[in-house]
Amino acid sequence: MSISMHSASVPVFVRMLNNVLGWLDKAEAHAKARKFDANNYVSMRLTPDMLPFSAQIQIATDHVKGCVARLAGVEPPKWADDETTLDGLRARIRKAIAYAQSIPAAKIDGSDAREIELPVGPGRTMKFPGETFLKAFSLPNFFFHTTMAYALLRQGGVDLGKMDYLGAP
């Protein structure tokens, strides 16, 4: 039996985003135990030229909504990148989960050969078959940004381990 485009995307995104929600809870508990404002994590960077924690979450969730929408053949929703607190980031993550789960599997399945056009700048687009878009663009970008968020929290002292990243099966 072959794997479906829906099962290779939506459940993968949802599982990891739920893991990220757990990381935020641990970050908040760590900050409370150390008596500092948990929202300090929002602006953390590994290096000065790196995007902050908030942007890592925003971009990861953008990949979720963008991937799912494009595979379904619909225009992705546009969301402001204006979250400045952990609660704001939690709300964005939950919004991304709800959006991904709102798209019927039947709209995504069979999209493996659908041509996906992705705007990448003024007058420029990238074109992919759906399967390549998912496997070689959306999933790697999503996991890159969630991994950066994980790394930033670890660097900030949050007690996270591999099972926090992987989550329960």
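The values are calculated or read from the model by the stated rules, or taken from the named source; none is laboratory data. Computed from a predicted model, the values in this text were never measured in an experiment. Virtual Cβ from ideal backbone geometry, glycine too; neighbours counted across all protein chains shown. For accessibility, only protein heavy atoms count, side chains too; no ligands or nucleic acids. Shrake-Rupley method; radii C 1.70, N 1.55, O 1.52, S 1.80 Å.
Against the condition over 22 Å from LEU21 (Cα atoms), in contact (Cβ under 8 Å) with a residue 24 or more places away in the chain and among the β-branched types (Val, Ile, Thr), how does VAL120 come out, does it pass?
Details: over 22 Å from LEU21 (Cα atoms): yes; in contact (Cβ under 8 Å) with a residue 24 or more places away in the chain: no; among the β-branched types (Val, Ile, Thr): yes.
The answer is no for VAL120.
Out of the residues in region 1-25 meeting the condition of being at pLDDT 95 or above and assigned to a loop (DSSP other than H, G, I, E, B), tell me which one is surrounded by the most Cβ atoms within 10 Å (Cβ to Cβ). Reasoning before the result, please.
The first filter runs over region 1-25 and keeps only residues at pLDDT 95 or above, leaving 4-25.
Right, trim to assigned to a loop (DSSP other than H, G, I, E, B) and you get 4-9.
Values: SER4: 16, MET5: 24, HIS6: 21, SER7: 13, ALA8: 17, SER9: 28.
My answer is SER9.
Quick one: which residue in ARG34, ARG90, ARG114, ARG70 is touching a residue at least 60 places away in the same chain (Cβ under 8 Å), of a type in the set (Lys, Arg) and under 16 Å from HIS6 (Cβ atoms)?
Working: ARG34 fails: under 16 Å from HIS6 (Cβ atoms); ARG90 fails: under 16 Å from HIS6 (Cβ atoms); ARG114 fails: touching a residue at least 60 places away in the same chain (Cβ under 8 Å).
Exactly one residue qualifies, and that residue is ARG70.
Note down all Cβ pairs under 9 Å where the first residue falls in region 146-160 and is free of Cβ contacts under 8 Å to residues at least 60 places away in the same chain, the second is buried (at least 19 other Cβ atoms within 10 Å of the Cβ) and assigned to a helix (DSSP H, G or I), and they're at least six residues apart or on different chains.
THR147/GLN56
Could you list, in sequence order, the residues of region 26-43 that are exposed (fewer than 14 other Cβ atoms within 10 Å of the Cβ) and either in contact with a strand residue (DSSP E or B) (Cβ under 9 Å, 6 or more places away or on another chain) or more than 21 Å from ILE59 (Cβ to Cβ) (or both)?
Here is the first cut: in region 26-43, the residues exposed (fewer than 14 other Cβ atoms within 10 Å of the Cβ) are 29, 32-37, 40, 43.
Across region 26-43, the qualifying residues are ALA29, LYS32, ALA33, ARG34, LYS35, PHE36, ASP37.
Name the one entry in GLU131, GLU75, GLU83, GLU115 that is within 19 Å of the chain's Cα centre (by Cα), on the phi < 0 side of the Ramachandran plot and exposed (fewer than 14 other Cβ atoms within 10 Å of the Cβ).
On the way: GLU131 fails: exposed (fewer than 14 other Cβ atoms within 10 Å of the Cβ); GLU83 fails: exposed (fewer than 14 other Cβ atoms within 10 Å of the Cβ); GLU115 fails: within 19 Å of the chain's Cα centre (by Cα).
The conditions single out GLU75.
Quick one: LEU152 ticks every box in (1) out of contact with any Pro (no Cβ under 9 Å at 6 or more places or on another chain); (2) in a helix (DSSP H, G or I); (3) not polar (S, T, N, Q) bar one, so which box is it?
Unmet condition: (1).
Name every residue in region 118-128 that is open to solvent by 60 Å² or more (accessible area, probe 1.4 Å) and not β-branched (Val, Ile, Thr), in order of residue number.
Across region 118-128, the qualifying residues are PRO119, PRO122, GLY123, ARG124, MET126, LYS127.
If I ask for residues that are of a type in the set (D, E, K, R) and open to solvent by less than 50 Å² (accessible area, probe 1.4 Å), which ones from region 86-112 would you list?
First pass over region 86-112, keeping only residues of a type in the set (D, E, K, R): 87, 90, 92, 94-95, 107, 109, 112.
Scanning region 86-112 gives ARG90, ARG92.
Is at least one residue of region 144-156 within 20 Å of SER7 (Cα to Cα), open to solvent by less than 60 Å² (accessible area, probe 1.4 Å) and of a type outside the set (Gly, Ala, Ser)?
yes
Tell me, which helices (runs of 4 or more DSSP H) lie completely within region 45-129 with 3 or more residues that are in contact with a Pro (Cβ under 6 Å, 6 or more places away or on another chain) and not acidic (Asp, Glu)?
By residue number, 53-72.
What's the number of the only condition in (1) surrounded by 22 or more Cβ atoms within 10 Å (Cβ to Cβ); (2) polar (S, T, N, Q); (3) free of Cβ contacts under 8 Å to residues at least 24 places away in the same chain that SER54 fails to meet?
Of everything listed in (1) surrounded by 22 or more Cβ atoms within 10 Å (Cβ to Cβ); (2) polar (S, T, N, Q); (3) free of Cβ contacts under 8 Å to residues at least 24 places away in the same chain, SER54 misses just condition (3).
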